[in-house]
1. Give me the Kirkwood hydrodynamic radius of the stretch 194-275 in Å, from all C-alpha pairs, to one decimal place?
2. Expected output is a single nm value to one decimal: the length gained when fully extending between residue 382 and residue 336, i.e. 0.36 nm times separation in residues minus the C-alpha distance. What is it?
3. What percent does the relative contact order of the stretch 148-294 come to when contacts are Cα pairs within less than 8 Å and at least six residues apart?
4. State the extension gain, in nm to one decimal, for the chain segment bounded by residue 48 and residue 311, taking 0.36 nm per residue of separation less the distance between their alpha-carbons.
5. Let me understand the stretch 68-113 better: what is its radius of gyration from the alpha carbons, and its Dmax, in angstrom?
6. Kirkwood hydrodynamic radius for the stretch 247-357: how many Å is it when counted over pairs of different Cα atoms?
7. If I model a spin label as a point 7 Å beyond the Cα along the Cα-Cβ vector, how far apart are those points for residue 239 and residue 34 in nm?
8. Per residue of the chain, what 222 nm ellipticity follows from adding -39500 (n - 2.57) for every DSSP H run with n ≥ 4, rounded to the nearest 500?
């Protein structure tokens, strides 16, 4: 919009042009405007003088400006139904459920101008400013199913209730395959989320967070042991590589956890959910939104390989706890120097030329399995022994 300073600058060049010392093209270039715009300005100055410039400086309402009623409705919608939500989270509801047509920037500016949302400082420097190539690879896997992140996040998801959120996220697409709440994360909740992911297809790699408990608790196992060792054994039996955590993988998990801590409590509060069972019933509907909002395109088709029914039915004896056992004289079975009480149907003796191990299951039951001693290829079979 023209100003007094712009008028003075224009008149100086205008006088040069009227004196024949500049051509119209040279004058327009000096003022950084087109030849047609210079001609329009020159005609207005010649016919009306300073009055033309004053008329140009007057405020003209933008014909595309939102009506005051629409702006007021936006603020009422935010304060009454979505108080405390971040702008992007609110914008998705405004657009998808309330039929909003305005841009994200318009919504953000309106909420910030009204003081309903605070302005946030930039967290870092962009790739363009820092001199990094914007096409630099992100370090992610190119295809879905190549690496799965296991995430266990403890937080106050509902008012005055702290739970663990256990989920699996694909490294390539950010897609959440499975997720649920538990009171305390342990080996059985980890096995459960892995099983639900395997039911969609066998993946190639698993990345564990540092929040996985180090040792099995007494409520999880009679014989104890290392949690990560049991996980590594189970993943090896599924032919899944359990990769070590690096900074890039940990950063992606932290970003997802931060996003969920900002969104999920607000969603649960909006639904009036305060109990863990109701929250778990709500989660399957919730995952569709972050999967759509934060999903990333991949370079090729998914590498998830569907399991056949026999493999699915055998997951129960893979995703369980397994402990080596030994036979002593007198048909006695020991596991980690603890004698295991059992009985055999028909009073059959356990063979000393076989090796044994004990499987513990989530329901608290246990079974004894055996195979030929020194044989790697022979399969483990369930012994007719009940512990």
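Bear in mind that the values in this text are calculations on the coordinates, not laboratory data. Predicted, not measured: the structure shown is a model, and the values here were computed from it. Every residue, glycine among them, receives a Cβ derived from its backbone with ideal geometry; neighbour counts consider all protein chains shown.
1. Values: mean 1/r = 0.0647 Å⁻¹.
For the stretch 194-275, the Kirkwood estimate is 15.5 Å.
2. On the way: separation 46, 0.36 × 46 = 16.56 nm, distance 1.99 nm.
Full extension of this stretch gives 14.6 nm more.
3. Numbers: 190 pairs, mean separation 36.5, N = 147.
After rounding, I find 25 percent.
4. Details: separation 263, 0.36 × 263 = 94.68 nm, distance 8.81 nm.
Stretched fully, the residue 48-residue 311 segment lengthens by 85.9 nm.
5. When restricted to the Cα atoms of the stretch 68-113, Rg and Dmax are 9.3, 24 Å.
6. It works out to 20.1 Å.
7. 6.6 nm
8. Numbers: 14 runs with 153 residues, N = 387.
Computed ellipticity for the chain at 222 nm equals -12000 deg cm²/dmol.
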